[in-house]
Amino acid sequence: MSATGGSKAIIAAFLANLGIAITKFIAWAFSGSTSMLAEGVHSLADSGNQLLLLFGGRQAKRKADQEHPFGYGRERFVYAFVVSIILFSVGGVFSLYEGVNKIANPHPIEMWWLPLLVLAVAIVLESISLRTALREANPHRGNQSWVTFIRRSKAPELPVVILEDTAALVGLVFALIGVGVAILTGNGVWDGIGTVAIGVLLIVVAVILGIETKSLLVGEGASVADAEAIEAAIMAGDEAVRIIHMKTLYLGPDELLVGAKLAFAPHKRFFEVAANINVVEYRIREAVPAARVIYIEPDVFRDENMINPSTDAIVIRASD
């Protein structure tokens, strides 16, 4: 995911959520609708989340140092995980609390037209924000479904914004139904029910987001397609006899580490093996540009059925 595309979607979401939060709080102050209060807190939390994503992207650009030799790329994963926690606690749990309280102590909605107007405007603004996020994500999604893109994307910003905006739109619909039924029936319990529905929605989205970002934090390897492309690049020439084993790990959304032990012909000399490794590394980077850190250990393949296996393994490590 390009930093420009992700930042554009995040900024669009931030501006939309901040404006929506202000109008929702005004509507809550005049109408007393708990759905409006829950939605206001939700939008305010979303605004803070977008700032965290921008800050995480900035932190991830720091250069590698002695303490963090592989750089700070995973900062983006950390802040995405923090966003899921905030969405769960500030958005979901608060909404549940307010909704249950309103159901237990219902009161009619005043100035009924104001929350309906604010919700209608909010739906339009959130739709624009979601449309921007989807448009920015499309080039990176390729032929994947949206569910697969959100689950498999190594760059967390666009999936986070898409999930947040989708949750915001559905939450607005819940709020509109709750407020509308409360106005029609004169029973404030429906407003509380709408607020509880918003809380449940936010908790579900936060859990999904937390699970996906936790997987990135723990460490994910290359996709099946990229792993196959790397293997094909290694074996495209006659440098190596076979791949003994290979492991990959994302150091950040745009940086993949590749470690491989390759079998070379036992008659090759040291300088020949070193030259072969350089060629293999070049092909790997051409096939998968994200493979920026490569470690290759050459060895002589040993047949497990051999009684007296050779011990003259070549031990060389080459990096970028």
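Each reported figure results from applying straightforward, stated rules to the coordinates on display, with no laboratory input. The shown structure was predicted, so the numbers you read here are calculated from the model rather than taken from an experiment. Positions of Cβ are generated from backbone atoms using ideal geometry, with glycine treated the same way; all protein chains shown enter the neighbour counts.
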task: Over segment 1-156, consider all pairs of different Cα atoms and compute the Kirkwood hydrodynamic radius from their mean reciprocal separation; express it in Å, one decimal.
output: 17.4 Å
- request: Would you mind computing the Rg to Rh ratio of segment 56-129 from its alpha-carbon coordinates, Kirkwood style for Rh?
  value: 1.26
field: Cα centroid separation, segment 128-166 to segment 209-263 (Å)
entry: 23 Å
Cα-Cα pairs of segment 224-299 separated by more than 15 Å (percent): 49 percent
task: Quick one: net charge around PHE174, please, counting Lys, Arg +1 and Asp, Glu -1 for every other residue with C-beta under 14 Å from its C-beta.
output: -2
Surrounding net charge for VAL279, when Lys and Arg each add one and Asp and Glu each subtract one, Cβ distance under 12 Å: -3
- prompt: Alpha carbon centre of segment 19-76 versus segment 95-123: separation in Å?
  reply: 24 Å
- prompt: Taking θ as phi - 60°, what are the ³J(HN,Hα) couplings along segment 155-167 by the Karplus curve (6.51, -1.76, 1.60), each to the nearest whole Hz, with x for Gly and Pro?
  reply: 8, x, 4, 5, x, 5, 5, 4, 5, 4, 5, 5, 4
Restricting segment 1-107 to trypsin sites (Lys or Arg not before Pro) in coil, as DSSP defines it, with at most 10 other Cβ within 10 Å: LYS63
- line: So, over other residues within a Cβ distance under 14 Å of ILE86, counting Lys, Arg +1 and Asp, Glu -1, the net charge is -2
query: Based on DSSP H runs of at least 4 residues, each adding -39500 (n - 2.57), what is the mean residue ellipticity at 222 nm of the chain after dividing by all its residues, to the nearest 500 deg cm²/dmol?
result: -22000 deg cm²/dmol
statement: The answer for ILE294, listing residues at least 5 apart or on another chain whose modeled amide H is closer than 5 Å to its amide H, is VAL258, ASP320
field: Residue-by-residue Karplus 3J(HN,Hα) for segment 20-33, coefficients 6.51, -1.76, 1.60, Hz, glycine and proline x
entry: 5, 4, 4, 5, 5, 5, 5, 5, 5, 4, 8, 9, x, 6
field: Integer Hz, Karplus 6.51/-1.76/1.60 couplings in order for segment 138-149, x for Gly and Pro
entry: 3, x, 8, 6, x, 8, 6, 6, 5, 5, 5, 4
message: Restricting everything to alpha-carbon atoms, can you work out Rg to Rh for the chain with a Kirkwood hydrodynamic radius?
response: 1.18
task: In Å³ and rounded to a whole number, note down the convex hull volume per residue for the Cα atoms of segment 155-291.
output: 102 Å³
